[in-house]
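Any read-out appearing in this document is the output of simple, stated calculations on the displayed coordinates, not a laboratory observation. Predicted model, so just to flag it, every value in this text is computed and none were measured. Cβ coordinates were reconstructed from backbone atoms using ideal geometry, including for glycine residues, and neighbour counts include every protein chain displayed.
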Amino acid sequence: MYQDLQSLKQRISLLDYLRLRHWTARPIGDHQEFVGLCPLHPETHPSFYVNAAKNVFYCHGCGRGGDLIRFVQLSLNLSFREALVHLKQQLGLPEPGEDEALRETVDFYQQQLARHSEALDYLRRRGVHDRRLIEQLAIGYAPGGRLYRHLIGLGYPANLLMRLGLIYHGKDAFYRRVVFPCFDGSRPINLYGRSISGAVRHRFLPRSKAGLFAWSTVGNYPEVILVEGVFDLAVLWQAGFISTTCAFGVRLTDAQFSQLSDRMDRTVFIAFDSDPAGQKAACALGRRLQNVGLNARIVDLPPGQDPNSYFVEGAWPAEFARRLREARCP
């Protein structure tokens, strides 16, 4: 929002905006200041001063002052966010699109995370506690009841928010969920929410999940660790295993499989859940990767565990590194 605000101020100065509203003034001093009748209250003697260099105003008659946004607020009786919307309309700026709305949502959820202890407590219980990692993965939190007002106030239309799936039946679709953005490079294309309460555990926006999670970071490694979920990935990144990615489950899409097999010298360590379903899926995927020429290895974990629970229960990075070295053929 800060960049949005600065962009608006660069597009139109306070003085230009006032002149569009037919404010007349005379220059004083070094011609960087102007004085005229105050547009905010009736008066007969000019007391409204504008400093063109600083882009601010002050009225000695009513005692009010500020910048362009503040003037729009006072003159039209608008909130700060409504003033931003008004100026965008005045300048004929295009209606905000999906990419911008998703980026604003990611930023908003990131800001909310630090303000809600229940979300931070949930992350700690899942073994995620490193602040740099949380920032790197852009993890956020949806407390509910605030996203709609925030985005509408920034000028995003309600039909866009509903079309994206951010708002569902008038409510925040990710209510009381820790949120992991899914990126294509630096562009957010989906959100994954994990409930911290009794709601349905998993939620995505009704759009493509795209490729493997964090592939822009992981794809350059010749050895890749593939896990089922983002909490598996988070604890492994936290432990130093940055070449870890996930497909949000055990079934890879064609696009995700193509990413894994885009270089023939790659070794893929498959660290799925140790339950029968996870091991069956790991072996099937491993054989499929071998069939296209890759080296696939199955990482064995203690019975009943996945990478997340393995580290939550006290495993050390050296222990997991040993399991990588001991990984077996499918």
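For Thr244, nonlocal amide neighbours, meaning residues 5 or more places apart or on other chains whose placed amide H falls under 5 Å from its own, are Ile225. In the chain, the DSSP-assigned H stretches of four residues or longer account for a calculated mean residue ellipticity at 222 nm of -11500 deg cm²/dmol, using -39500 (n - 2.57) per stretch and the full residue count as denominator. For the chain, set up a Gaussian network in which alpha carbons nearer than 10 Å are linked by springs, and say which option among Pro188, Pro157, Pro302 fluctuates the most. Among Pro188, Pro157, Pro302, the largest GNM mean-square fluctuation belongs to Pro302.
Amide H contacts of Ile189: Cys182, Phe183, Asp184, each under 5 Å away and 5 or more positions distant or on a separate chain (H built 1.01 Å from N in the peptide plane; Pro and chain starts excluded). Among Leu260, Leu78, Leu87, sorting on how many other beta-carbon atoms sit within 10 Å of each Cβ, with the fewest leading, yields Leu78, Leu87, Leu260. Is segment 98-204 rounded, prolate or oblate when judged by the Cα gyration tensor, a ≥ b ≥ c being the square roots of its eigenvalues, rounded requiring a/c under 1.5 and prolate requiring a/b larger than b/c? Here segment 98-204 falls in the prolate category. Which residue, Arg131, Arg194, Arg203, tops the fluctuation ranking in a GNM of the chain built on C-alpha contacts under 10 Å? For the chain, modelled as a Gaussian network with Cα springs under 10 Å, the answer is Arg131. For Arg266, the residues whose modelled amide H falls within less than 5 Å of its own, excluding neighbours fewer than 5 places apart on the same chain, are Asn295.
Couplings for segment 41-53, taken from phi via the Karplus curve 6.51 cos²θ - 1.76 cosθ + 1.60 with θ = phi - 60°, read 7, x, 7, 10, 10, x, 9, 9, 10, 10, 9, 5, 5 Hz in order; Gly and Pro are left as x. The dipole here belongs to segment 177-330: it is taken about the Cα centre, uses +1 on the Cβ of Lys and Arg and -1 on the Cβ of Asp and Glu, and is about 360 debye. Mean-square fluctuations from a GNM of the chain, with a 10 angstrom spring cutoff on Cα atoms, peak among Thr44, Thr245, Thr105 at Thr44.
Given Val268, Gln305, Gly278, which one lies farthest toward the positive end of the charge dipole of segment 215-325, if we put +1 on the Cβ of every Lys and Arg and -1 on the Cβ of every Asp and Glu? Among Val268, Gln305, Gly278, the one farthest towards the positive end of the dipole of segment 215-325 is Val268. I need the shape label for segment 217-314. Rule: rounded when a/c is under 1.5, else prolate if a/b > b/c, else oblate, with a, b, c from the alpha carbon gyration tensor. Since a/c reaches 1.5 but b/c is at least a/b, the shape of segment 217-314 is classed as oblate. For the chain, the square roots of the Cα gyration tensor eigenvalues, ordered a ≥ b ≥ c, give a/c of at least 1.5 with a/b greater than b/c, which places it in the prolate category. Within the chain, the longest segment free of exposed loop sites, counting GluC sites (Glu not before Pro) that fall outside DSSP classes H, G, I, E and B and have at most 13 other Cβ atoms within 10 Å, spans 1-312.
Here the chain is treated with +1 on each Lys and Arg Cβ and -1 on each Asp and Glu Cβ, and its dipole about the Cα centre works out to around 380 debye. Once C-alpha pairs closer than 8 Å and six or more residues apart are averaged by separation and normalised to the residue number of segment 215-325, the relative contact order reads 27 percent. Normalised Debye scattering of segment 2-91 at q = 0.18 Å⁻¹ gives log10 I(q)/I(0) of -0.77, counting only Cα atoms as equal scatterers and leaving out solvent. Select from Tyr122, Pro143, Thr105 the residue farthest towards the positive end of the dipole of segment 98-204; place +1 on Cβ of Lys and Arg, -1 on Cβ of Asp and Glu, and compute about the Cα centre. With unit charges placed on the Cβ atoms, the residue in question is Tyr122.
Spatially close Lys pairs in the chain, defined by Cα atoms under 26 Å apart and a spacing of eight or more places or different chains, total 5.
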